[in-house]
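In what follows, a single structure is set out as structure tokens and then discussed.
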Amino acid sequence: MNSTTTSAPGVVDVIGVGAGFTGLYLAHRLTTAGWTFAGFEAGPSVGGTWFWNTYPGARCDVESIYYSYSFDETLQQEWTWSQRFAPQAEILRYIEHVADRFDLRKHFTFDTRVVGATWNEADRLWDVHLDSGETRRSRYLISGAGGLSTPKDFDVPGLANFTGLQVSTSRWNISLDDLAGKRVAVIGTGSSGVQAIPLIAQVAEHVTVFQRTPNYVMPARNSELSPEQVESIKVDYPAIREECRHSLGGIPERPVTDKAFDVSDEERLRRYEAAYELSGFNGVGAEFADLITDIDANRTASEFIHDKIREIVEDPATAELLVPKYHPLGAKRSCFGTDYYETFNRPNVSLVSLRDEPIETMTANAIVTSSDTYEVDAVVLAIGFDAFTGPLYGLGLTGASGQKLQDAWRDGVRTYLGMMTADFPNFFMVAGPQSPALASNVVMSIEQAVDWIADLIEHARDSGATLIEATAEGQNDWVDITEETVAPTLYATTDSWYRGSNVEGKPNTFMGYVGGVGKYRRMCTEIAKRGYPGVAIDGEALSRNLGPIHQEIS
Ligand code: N01
């Protein structure tokens with residue numbers, strides 16, 4: 001069937017938010033299926049995350065051969081990645097190539113932000129308000145606003161006093177040369193800070209790193225891809241992608257079934273050394289099956305990394321501050337860096353532990369902690385994001401009962417499969433909270449979610465239905481499943497942006513499904529096969545609990 005469902009003048013079938021990896025695939029998938037689609041992107045061009053995060057050293061830490069679209073065999077054969085972990089500029093070039101190759105830019109209005117969206121029950125349409133002052137209407141509203149696109153506020157007393165250069169990694173708008181010869185403060189040591197610090201140190205007169213929580217940083221071991229490596233991947237691309245689709249994290253994984261204490265101390269150490277050479281998400285944290293569920297097992301891996309830090313960092317006091325002793329390896333997002341710890345051996349780099357001396361204020365040219373004053377010319381903020389809910393609340397959604405999304409989720413996020421939420425009919429989230437996006441190769445998760453949502457709205461269209469909504473029961477089931485899945489893991493016990501604990505006042509709920517992208521995909525497929533239990537289509541819902549389906553699926 002190739003006709004659209006929404007024929008009223010000025011109304012489109014689908015409004016999509018964002019022109020990053022999600023928005024582009026949404027536009028392609030839906031327009032190919034005959035839907036009318038209007039996309040709105042706050043930035044001036046395509047790229048999303050990869051448009052904004054242009055800080056020095058920005059690159060992906062999922063290998064590019066996997067962190068790319070799989071929906072078109074010709075696309076994946078004709079594009080050649082230059083490196084194992086492509087830098088930001090190359091990823092952006094790839095996204096631009098996809099936009100041009102499939103002629104997708106024409107579906108988007110750029111420099112236009114969605115600032116509100118109100119469900120109109122009578123018409124069964126979304127009224128979508130834009131920062132241009134216009135309102136557009138659509139049957140369906142789909143967010144591709146991303147999980148890590150709303151920068152976190154930096155609420156430090158005296159920030160406004162600082163008159164030097166101030167830049168954030170997530171909205172980088174200077175060149176590295178602008179920091180040359182300057183005294184630079186970098187605040188934050190998550191993935192962004194870890195990538196930026198070594199490069200800033202190469203040009204700055206001095207870098208002072210303000211660290212609140214030390215992280216596990218494993219060597220990225222990035223390298224050029226040889227023509228032979230590229231060829232060997234391309235020959236097998238469809239099979240590799242299929243393996244990724246049924247994996248835990250959306251990349252090919254080493255099959256690991258034994259536990260840390262199944263082997264001798266010597267054997268364990270030998271295996272950690274080998275895994276440390278591999279790096280990436282198949283590295284040390286994936287060496288034994290129980291590292292993310294058993295704190296004692298985890299300690300063996302954590303301490304292995306602690307020792308590596310002590311070996312690399314020459315000054316013992318600095319090394320001790322860099323040792324991540326406040327959380328288990330992997331329970332908070334691990335970082336992969338190039339020369340990160342080595343950078344602290346440079347004479348122009350020093351470390352301040354904010355746990356020992358918190359920032360009290362800022363002056364025109366200094367950061368003042370409880371014990372010292374650090375004069376700087378520039379401050380680089382690498383303090384992270386208001387993950388998942390930040391971008392969604394930014395859409396200003398008002399649901400069927402007149403409630404705002406932030407009020408519906410006042411006590412914590414509640415979704416159906418991380419894609420829908422009750423009381424917000426015909427609204428979908430791609431790579432949303434309680435989906436596997438948080439802990440996966442997100443491009444693979446995006447493709448799966450877009451395909452599933454497209455199939456669902458096509459299913460409704462085929463039966464003439466115009467209203468799709470998660471039921472309260474279906475949503476409760478999914479919340480229970482995500483909580484039961486995370487409960488036995490160390491993620492459940494660790495404060496991080498995974499749980500919203502990096503943002504003051506945010507309810508502390510785990511925002512991902514950690515049962516694996518393969519299991520999640522099979523669950524979603526099974527739900528579709530069984531007629532979408534937990535979803536009301538034109539008010540009709542199957543009464544079938546999701547729990548038993550989740551248990552049946554291997
Ligand atoms: O942000 P983060 P990020 N005062 O939240 C500190 C993806 N990503 O942008 O841990 C002082 O991880 C904060 O300290 P603490 C990836 O998924 C991927 O680095 O809250 N410090 C922490 O050290 C990643 O996980 C890639 O105690 C403050 C840091 O700032 C996610 O994005 C690259 C502070 C924030 O770390 C986010 O990474 C980049 C304050 N007020 C990002 N507030 C790759 O693919 C926060 N901090 C490689």
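Every residue in the range 103-116 that is assigned to a strand (DSSP E or B), within 23 Å of HIS28 (Cβ to Cβ) and of a type in the set (A, V, I, L, M, F, W, C), please. If the condition is that a residue be assigned to a strand (DSSP E or B), within 23 Å of HIS28 (Cβ to Cβ) and of a type in the set (A, V, I, L, M, F, W, C), then PHE108, VAL114 are the ones that fit.
When ALA470, ALA422, ALA437, ALA487 are checked against the criterion of being among the hydrophobic types (A, V, I, L, M, F, W, C) and free of Cβ contacts under 8 Å to residues at least 24 places away in the same chain, a single residue qualifies: ALA487. Screening the range 186-210 for residues that are over 16 Å from LYS152 (Cβ atoms) and not aliphatic (A, V, I, L, M) and picking the one that is surrounded by the most Cβ atoms within 10 Å (Cβ to Cβ) gives GLN195. Please enumerate the residues belonging to the range 337-354 that are open to solvent by less than 20 Å² (accessible area, probe 1.4 Å) and under 21 Å from VAL284 (Cβ atoms). Residues satisfying the conditions are GLY337, TYR340, TYR341, THR343, PHE344.
In the range 137-151, the residue that is farthest from the chain's Cα centre (by Cα) out of those that are assigned to a strand (DSSP E or B) and surrounded by fewer than 22 Cβ atoms within 10 Å (Cβ to Cβ) is ARG137. For the range 478-512, the candidate set comprises residues that are touching a His at 6+ places or on another chain (Cβ under 8 Å), in a loop (DSSP other than H, G, I, E, B) and of a type outside the set (D, E, K, R); within that set, the residue that is nearest to the ligand (Cβ to nearest atom) is SER496. Would you say THR415 is away from the ligand (no atom under 14 Å from the Cβ) and open to solvent by 10 Å² or more (accessible area, probe 1.4 Å)? Answer is no for this residue. Only a single item in (1) buried (at least 19 other Cβ atoms within 10 Å of the Cβ); (2) of a type in the set (Phe, Trp, Tyr); (3) farther than 21 Å from CYS335 by Cβ is not met by PHE261, and it is number (1). Just the residues that are in a loop (DSSP other than H, G, I, E, B) and either β-branched (Val, Ile, Thr) or within 18 Å of THR49 (Cα to Cα) (or both), please, taken from the range 425-477. Across the range 425-477, the qualifying residues are VAL430, ALA431, GLY432, PRO433, SER440, ASN441, THR466, THR471. Counted as qualifying within the range 266-376 are the helices (runs of 4 or more DSSP H) with 2 or more residues that are more than 16 Å from the ligand (Cβ to nearest atom), namely 295-312, 316-322.
The listed residues are LEU392, LEU381, and the only one of them that is more than 13 Å from the ligand (Cβ to nearest atom) and either without any contact (Cβ under 8 Å) to a residue 24 or more places away in the chain or under 31 Å from the mean Cα position of the chain (by Cα) (or both) turns out to be LEU392.
Looking across the range 395-412, the residues that are crowded, with 19+ Cβ neighbours inside 10 Å and either within 14 Å of VAL156 (Cβ to Cβ) or under 22 Å from the mean Cα position of the chain (by Cα) (or both) come down to LEU395, LEU397, LEU405, TRP409.
From the list LEU546, LEU438, LEU542, LEU467, which one is more than 16 Å from the ligand (Cβ to nearest atom), modelled with pLDDT under 95 and open to solvent by less than 40 Å² (accessible area, probe 1.4 Å)? After applying the criteria, what remains is LEU546.
When ASN365 is tested against (1) open to solvent by 10 Å² or more (accessible area, probe 1.4 Å); (2) without any contact (Cβ under 8 Å) to a residue 60 or more places away in the chain; (3) of a type in the set (S, T, N, Q), only condition (2) is not met. From the list ASP131, ASP127, ASP72, ASP100, the lone residue that is farther than 22 Å from THR31 by Cα and either surrounded by fewer than 20 Cβ atoms within 10 Å (Cβ to Cβ) or free of Cβ contacts under 8 Å to residues at least 12 places away in the same chain (or both) is ASP131.
The values are calculated or read from the model by the stated rules, or taken from the named source; none is laboratory data. As the structure is a computational prediction, the values presented were derived from the model and not from experiment. All Cβ positions, glycine included, derive from the backbone under ideal geometry; neighbour counts span all protein chains shown. In case anyone asks, the SASA skips ligands and DNA or RNA and just uses the protein heavy atoms, side chains included. Shrake-Rupley method; radii C 1.70, N 1.55, O 1.52, S 1.80 Å.
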